[in-house]
Amino acid sequence: MKKLLMALAATTMMTSAVFADGHGEIKIGTILGYTGPIESLTGPMADSAEMAMEEVTASGKLLGGAKVTSIRGDSTCVDSAAATAAAERLVTGDKVNAIMGADCSGVTGAILQNVARANGVVMISPSATSPALSTAEDDGLFFRTAPSDARQGAVITDILNDKGIKSVAITYTNNDYGKGLAESIQKNYEAAGGKVTISAAHEDGKGDYSAEVGALAQAGGEVLIVAGYLDQGGKGVIQASLDSGAFDTFVLPDGMIGDSLPVAIGDALNGSFGTVPGTDSEGAEIFDKMAKEKGIKTDAFSAESYDAAALIMLAMQAAKSSKSADFKGKVMDVANAPGEKSFQVNLARRLKC
């Protein structure tokens, strides 16, 4: 039973009484890939989540004046064993009340099954998008603020059709995220009448992608869809494609969106296009302004990270408890109707209601 959260879409209607948990410290584990193939995205994601925690602490309104502390753990994005160990330390050693994360789908699933469920800890991921997570057993503990790649595949198909593109080649990073996304794109695109000439995996961490690009080029396609990571194999495949002249236009899903890629590739990316979760709402504008004032560079999944942390704290307030067993059932309540629909990012106001 999985949930896609429309974060900050409803307020919790609470009194300002002293709650059962009283004053004290609430710890949230912020587990993201501080090393690994999306390292360049992780800093702004963590900073955005921690901005929400700082906002709530400063308000003095959460559970009678609790201080919210972020404790970081490295998911690596790709090493499930390392991610599980990091999460275990956060839960059993640091005694975190909840987890904001993880980021990449494979490590998120590993933490969910091996740590979160085993210890009854709520986790809200801002960026794990594998469709497989929608049906994973979670004991009501797992949520995410970014849409499943089942949706991203449909959106990419719409964009390809709008641009009149009739055939594509697909390369994907060989993990849960890449496989799920590639399958979603192919399913949606072919159902809409498009042709996928090839869908082939690539491994991260290689220095030479000429063999992979050779196979992609032989299959052909008007554009190359790169369902990979911007700081790893995805970047390598793009550079090898440009060097060989195999492809000059690339479709870049969310794992490929970030400032580091155009810095690395340069003007050769002109004409390429991609997709990333987000809205053009008033709330998004307010978040961008808040982040800018804090010196936080907004990038892919920054706003979703803020939302994930905010939802954890709003659910605690609604349950009058910082215990996962108590507030896990309130997450969907504070994220969805009924309630006062609002796009204003103001956690202090919501905690006061």
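The values are calculated or read from the model by the stated rules, or taken from the named source; none is laboratory data. Only a predicted model underlies this, so the values are computations on that prediction, with no experimental measurement involved. With ideal geometry, Cβ positions are generated from the backbone for all residues, glycine too; neighbour counts draw on all protein chains shown.
Worth a mention:
- Comparison of ALA85, ALA98 shows that the only residue that is more than 19 Å from SER305 (Cβ to Cβ), among the small types (Gly, Ala, Ser) and either within 15 Å of the chain's Cα centre (by Cα) or assigned by TED's automatic domain parsing to the domain that holds ASP138 (or both) is ALA85.
- Annotation note: of VAL96, VAL107, VAL115, VAL78, the sole residue that is surrounded by 22 or more Cβ atoms within 10 Å (Cβ to Cβ) and at pLDDT below 95 is VAL78.
- The condition (being crowded, with 21+ Cβ neighbours inside 10 Å, touching a residue at least 12 places away in the same chain (Cβ under 8 Å), among the hydroxyl-bearing types (Ser, Thr, Tyr) and within 25 Å of THR298 (Cβ to Cβ)) is satisfied by just one residue among TYR189, TYR177, TYR172, TYR209: TYR177.
- Residue that is farthest from ILE312 (Cα to Cα) [pool: residues in region 35-93 that are acidic (Asp, Glu) and touching a helix residue (DSSP H, G or I) at 6+ places or on another chain (Cβ under 9 Å)]: ASP79
- Annotation: VAL121 fulfils all but one of (1) within 18 Å of ARG144 (Cβ to Cβ); (2) in contact with a Lys or Arg (Cβ under 6 Å, 6 or more places away or on another chain); the unmet one is (2).
- Restricting attention to region 231-263, the residues that are assigned to a helix (DSSP H, G or I), within 17 Å of GLY33 (Cα to Cα) and among the polar types (S, T, N, Q) add up to 1.
- Close pairs (6 angstrom Cβ cut-off, 6 or more residues apart or separate chains): closer than 13 Å to VAL121 by Cα and in contact (Cβ under 8 Å) with a residue 40 or more places away in the chain in region 314-330, polar (S, T, N, Q) and outside any helix (DSSP H, G or I) anywhere: MET316/SER322; SER322/ASN97; PHE327/SER321
- Test: residue in region 213-225 that is in contact with a strand residue (DSSP E or B) (Cβ under 7 Å, 6 or more places away or on another chain), part of a helix (DSSP H, G or I), among the acidic types (Asp, Glu) and modelled with pLDDT of 95 or more: no
- When GLY295, GLY266 are checked against the criterion of being surrounded by fewer than 18 Cβ atoms within 10 Å (Cβ to Cβ) and in the same structural domain as SER130 (by TED's automatic domain parsing), GLY295 stands alone in meeting it.
- Checking LYS352, LYS323 one by one, the residue that is more than 30 Å from ILE38 (Cβ to Cβ), modelled with pLDDT of 85 or more and either in contact with a helix residue (DSSP H, G or I) (Cβ under 8 Å, 6 or more places away or on another chain) or surrounded by 15 or more Cβ atoms within 10 Å (Cβ to Cβ) (or both) is LYS323 and no other.
- Count of region 265-290 residues, restricted to those that are aliphatic (A, V, I, L, M) and at pLDDT 95 or above, is 3.
- Within region 295-314, if we keep just the residues that are of a type in the set (S, T, N, Q) and farther than 19 Å from ALA98 by Cβ, the residue that is nearest to the chain's Cα centre (by Cα) turns out to be SER302.
- Count of region 239-258 residues, restricted to those that are within 20 Å of GLY153 (Cβ to Cβ) and not aromatic (Phe, Trp, Tyr), is 8.
- All positions within region 212-256 that are buried (at least 21 other Cβ atoms within 10 Å of the Cβ) and either of a type in the set (Phe, Trp, Tyr) or at positive phi (or both): GLY221, TYR229, PHE247, PHE250
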